Ligand code: ZN
């Protein structure tokens, strides 16, 4: 049993049920769990480890609800291509990746996420090239120390049948579902405070057949794990499902059993009012990926309307192929700004605290976790701190919480996952694997030489 006390926190936003914000705050933690929270004066004055956070703002750790970490070496590829063209071209890179390269990409992506305030990641991995396995992903995720949810992904519809992937990168139903079931068996830990979880993650409604979507959603239910897929991302997808199913993407997914309280979709850009009601009624969440939606030209998701309709909304950076940055706190700022100009938005404008809620409690609700997302008694000590004396925060003293979202804070100063420090003074406590930058450069040089 070890205890940890953070004291003299200048400003603490708990995101608890009352949304308490406390000045000169303290948090008392036992074995990674928050046991007491309040003012410095009211809490115990001693612990095994005492950390003085004078001059810092403390927030709950951010939750990234949608990523493809394997893409972290694909920044700045085909910069001016739209969604479909981009996706098709990238397969010529991905087909050459093996376990070592994917592990390198996972570490790069997780490092950037950690430095930008993320403490929990949902990674939608829908490709398993050249012998890659869920164990490779789990091992790579361990290097950085964030809570890692592996989306065991798949597609069974290749480019010859209206999908995007070359035929040798698509799975059949038996392989896809077998891999999911084995990964859940081997790695899924549903207990509170879990560091590793697994969810079932078909790629999209265009790249996975209706029969596999149906059986995959049944499998997720029978295993009592999450279910996640891209949905309603582009206008082209709307045309596709209208033609194939006579329904919107959300209605089509619902008809295949894909929506439910443990399900969440990525993007959800193109949602009619009735789609929004359907998602709210089924308690299916939406992971908003604003930068990706701009980068690929997919469109603008009206998250304020989604929240008003009762939908669960979280935040994701998406893979580096569609968002060259994996910066989660910057993504929260982008989400807030875009919500202010979305069609139908009006005063009062979408607030910094609204964006913070989407990035914390919203993300936790997507991955069905009640042990993270807020700082309160009984939850895990996943938290971030920002030094208020940093140049970009000076002048924000009247509302430091708004400052974290409105000012351009691109890195957190410190972060802790279950009370264990992951980021210290804007750097990873454990550093990166040796040769990370050199290996990333070499991979891209290898790909360039192959394409010559
Ligand atoms: Zn995605």
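The values are calculated or read from the model by the stated rules, or taken from the named source; none is laboratory data. Quick caveat, the model's predicted, so the values are computed rather than measured. Using ideal geometry, Cβ is built from the backbone for each residue, glycine included, and neighbour counts are taken over all protein chains shown.
Does the range 150-173 include one or more residues that are assigned to a helix (DSSP H, G or I), touching a helix residue (DSSP H, G or I) at 6+ places or on another chain (Cβ under 6 Å) and at pLDDT 95 or above? Yes, the conditions are met somewhere in the range 150-173. Any chance the range 384-396 includes a residue that's free of Cβ contacts under 8 Å to residues at least 60 places away in the same chain and within 19 Å of the chain's Cα centre (by Cα)? Among the residues of the range 384-396, not one is free of Cβ contacts under 8 Å to residues at least 60 places away in the same chain and within 19 Å of the chain's Cα centre (by Cα), which makes the answer no.
Considering (1) touching a helix residue (DSSP H, G or I) at 6+ places or on another chain (Cβ under 8 Å); (2) under 21 Å from residue 85 (Cα atoms), the lone condition that residue 261 does not fulfil carries the number (2).
In the range 1-85, counting only strands (runs of 3 or more DSSP E) that sit wholly within it, the ones holding 1 or more residues that are over 30 Å from residue 267 (Cβ atoms) span 3-13, 21-30, 33-39, 49-52, 56-60.
Listed here are the residues, each with its yes/no results for (1) modelled with pLDDT under 95; (2) in contact with a strand residue (DSSP E or B) (Cβ under 8 Å, 6 or more places away or on another chain); (3) away from the ligand (no atom under 16 Å from the Cβ).
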position	(1), (2), (3)
68	no, yes, no
71	no, no, no
86	yes, no, no
100	no, no, yes
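The condition of being touching a strand residue (DSSP E or B) at 6+ places or on another chain (Cβ under 8 Å) and surrounded by fewer than 24 Cβ atoms within 10 Å (Cβ to Cβ) holds for only one of 262, 244, that being 262.
Taken together, 53, 5 contain a single residue that is surrounded by fewer than 23 Cβ atoms within 10 Å (Cβ to Cβ), away from the ligand (no atom under 16 Å from the Cβ) and at pLDDT 95 or above, which is 5. Within the range 106-127, residues that are free of Cβ contacts under 8 Å to residues at least 40 places away in the same chain have Cβ atoms under 7 Å from residues that are away from the ligand (no atom under 15 Å from the Cβ) and in a helix (DSSP H, G or I) in these pairs: 106/137; 106/140; 106/141, counting only partners at least 6 apart in sequence or on another chain. Scanning the range 112-126 turns up at least one residue that is part of a loop (DSSP other than H, G, I, E, B), modelled with pLDDT of 95 or more and farther than 18 Å from residue 183 by Cβ. Can you say whether residue 332 is away from the ligand (no atom under 16 Å from the Cβ) and surrounded by 24 or more Cβ atoms within 10 Å (Cβ to Cβ), as far as the supplied structure shows? Against the criterion (away from the ligand (no atom under 16 Å from the Cβ) and surrounded by 24 or more Cβ atoms within 10 Å (Cβ to Cβ)), residue 332 qualifies.
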